[in-house]
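A.B. asks: Structure in structure tokens, see below.
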Amino acid sequence: MNALRGIAPDLDLLAAGETAEDEALRRAADDARARAVGDDVHLRGLIEFSNHCARGCLYCGLRAPNGAVRRYRMPRPAVLRAARTAAALGCGTAVLQSGEDPALNVAELAGTVREIRRETGLAVTLSPGELPERDLAALREAGAERYLLKIETSNAALFRRLRPGCDPETRLACLETARRLGYQVGSGSMVGLPGQTAEDLRRDIETLRGLDLDMASVGPFIPCEGTPLADGANVPSAETRVRATLRMMALLRIACPELMMPATTALATLDPGARREGLRWGANVIMPNMGDPDFKRDYRIYPGKADTDAGPEAAWRRAVGAIESLGRRAGRGPGHSPRRRGEEA
Ligand code: SAH
Ligand code: SF4
């Protein structure tokens, strides 16, 4: 199992404060990122098209039992408007994310994907949770090229406790089906979940590496009101979660140099400077939110979400500001994983 054994072998991923190994780890990840995927940072316009969810994930504000959520489904014209904005601002991709909407109309979503592809030429990434093969196939047929489904944690007991009614095997099978259907696949995990150990985090890296992914995203857990984990018991401090997330990103970059990897909104939510920091610790993607504040305000998977009250232009400007402050530049085109560039249209 281990090229990773040689990388910061003594590093406690959940160590509080800066460790002696941190800067060397960061530099190794930054070099690996520059060599494998270059200096471009790709912008993926995030569109949170529905916040309905049938699941009861203990960590997430959109869980079905949370009656305080005002639920919405964006009508197709609103999704298309957001996609057009993303294209006009120079994003190469639209990421369509939602809760596991029990009333998801796959034919309708496929029509929206087709329309986005036809009108804007953006690559389309889907992140609507677990889907059966026939739905994944219909959406692929409609032109969606990427599918994101995070493993959340490689600790199976913790996964089952945090996602009642779900099991890790089904989730992995879903990713495997998507790959077989020709999707570029992405996954990832959360950092700082209650009960999660530094050893669990190491295993997350190894599990993610074993999935041979095109994309991966690691973000800090943020306790959310209206959920059973709201009190933050057994959760490391925000600072420790940010540091642990950056270390995880670095290890992932070193383990899988060609990954497309975002500096996440969750990171920016815990520390406004951390998105820029993420770009120094291995990330090469930012996902500015293209949603209308009227909708995205209610997409509260966790509180205090960065950019919630900003319109798409402000979110985009902040992202580009972070990129350019590092002497890097916003990538052009769809920003496919280098493993797939041969297939680019
Ligand atoms: N419903 C889909 C996608 C939307 S949730 C799914 O669950 O796969 C998108 C991501 O938000 C999840 O994969 C999870 O990693 C993250 N998330 C949910 N609640 C969170 C929280 N409280 N703090 C940080 N990330 C969270
Ligand atoms: Fe629903 Fe996803 Fe939140 Fe779970 S994490 S409650 S599936 S939106």
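A.B. asks: Arrange the residues SER50, SER237 by how much accessible surface each exposes, largest first, with a 1.4 angstrom probe.
C.D. replies: Sorted by accessible area, descending: SER237, SER50.
A.B. asks: Next up: Name the residue farthest towards the positive end of the dipole of the chain from the options ALA263, ALA24, ALA230, assuming +1 on Cβ of Lys and Arg, -1 on Cβ of Asp and Glu, about the Cα centre.
C.D. replies: ALA263
A.B. asks: Taking 0.36 nm per intervening residue step and subtracting the Cα-Cα distance, what contour gain separates ARG340 from ARG161 on full extension?
C.D. replies: The ARG340-ARG161 span can extend by a further 60.8 nm.
A.B. asks: Name the GluC sites (Glu not before Pro) in the range 1-88 that are in a loop by DSSP and that have at most 13 other C-beta atoms within 10 Å, would you?
C.D. replies: Filter output for the range 1-88: GLU18.
A.B. asks: Considering only protein heavy atoms and a probe of 1.4 Å, how much of the accessible area of the chain is carbon and sulfur, as a whole percent?
C.D. replies: Ligands and nucleic acids excluded, carbon and sulfur reach 50 percent.
A.B. asks: Something else: For ALA54 paired with GLU169, estimate the spin-label separation in nm (one decimal), with each label point 7 Å from Cα along the Cα-to-Cβ line.
C.D. replies: 2.1
A.B. asks: Where nothing but the Cβ of Lys and Arg (+1) and of Asp and Glu (-1) is charged, how large is the charge dipole of the range 16-326 around its Cα centre, in debye to the nearest 20?
C.D. replies: 460
A.B. asks: Among the Cys residues of the chain, which have no other cysteine Cβ under 4.7 angstrom away?
C.D. replies: By the Cβ distance rule, which asks for a partner under 4.7 Å, the isolated cysteines are CYS53, CYS91, CYS166, CYS174, CYS224, CYS256.
A.B. asks: Right, another one. In nanometres, what is the gap between the two model label sites at ARG297 and GLU130, each 7 Å from Cα along Cα-to-Cβ?
C.D. replies: Each label point is offset 7 Å from its Cα along the Cβ direction, giving 3.4 nm.
A.B. asks: Now, a different point. Can you pull the one-decimal nm distance between simple spin-label points at ASP231 and ALA68, each 7 Å off the Cα toward Cβ?
C.D. replies: 1.6
A.B. asks: Here's another thing I want to ask about it. Place a +1 charge on the Cβ of each Lys and Arg in the range 1-88 and a -1 charge on the Cβ of each Asp and Glu, then give the dipole magnitude about the Cα centre in debye, rounded to the nearest 20.
C.D. replies: With only Lys, Arg, Asp and Glu charged at Cβ, the dipole is about 1140 debye.
A.B. asks: Please work out how much length the chain gains when fully extended from ASP212 to ASP309, using 0.36 nm per residue of separation minus the C-alpha to C-alpha distance, in nm with one decimal.
C.D. replies: 31.3 nm
A.B. asks: Could you order LEU259, LEU181 by accessible surface area, starting with the largest, using a probe radius of 1.4 Å?
C.D. replies: LEU181, LEU259
A.B. asks: Using DSSP, restrict attention to beta bridges with both residues in the chain and report what percent are antiparallel, rounded to the nearest 5.
C.D. replies: 5
A.B. asks: When the helices in the chain are scored as -39500 (n - 2.57) per DSSP H run of 4 or longer and the sum is shared across all residues, what 222 nm value do you end up with, to the nearest 500 deg cm²/dmol?
C.D. replies: -12000 deg cm²/dmol
A.B. asks: On a full-extension model of 0.36 nm per residue, what is the gain between ASP10 and ASP31, subtracting their alpha-carbon distance, rounded to one decimal in nm?
C.D. replies: This chain segment gains 5.5 nm when fully extended.
A.B. asks: Which of ALA34, ALA274, ALA144 ends up with the largest GNM mean-square fluctuation for the chain, with Cα atoms connected below 10 Å?
C.D. replies: Looking only at ALA34, ALA274, ALA144, the biggest GNM fluctuation is shown by ALA34.
A.B. asks: If you don't mind, there's one more thing I want to ask. If you take the square roots of the eigenvalues of the alpha-carbon gyration tensor of the range 16-326 and sort them as a ≥ b ≥ c, do you get rounded (a/c under 1.5), prolate (a/b over b/c) or oblate?
C.D. replies: rounded
The values are calculated or read from the model by the stated rules, or taken from the named source; none is laboratory data. Keep in mind the model is a prediction, meaning the values are calculated, not measured. Positions of Cβ are backbone-derived with ideal geometry, glycine not excepted, and every protein chain shown enters the neighbour counts. Keep in mind that these areas ignore ligands, DNA and RNA; they rest on the heavy atoms of the full protein, side chains included. Shrake-Rupley method; radii C 1.70, N 1.55, O 1.52, S 1.80 Å.
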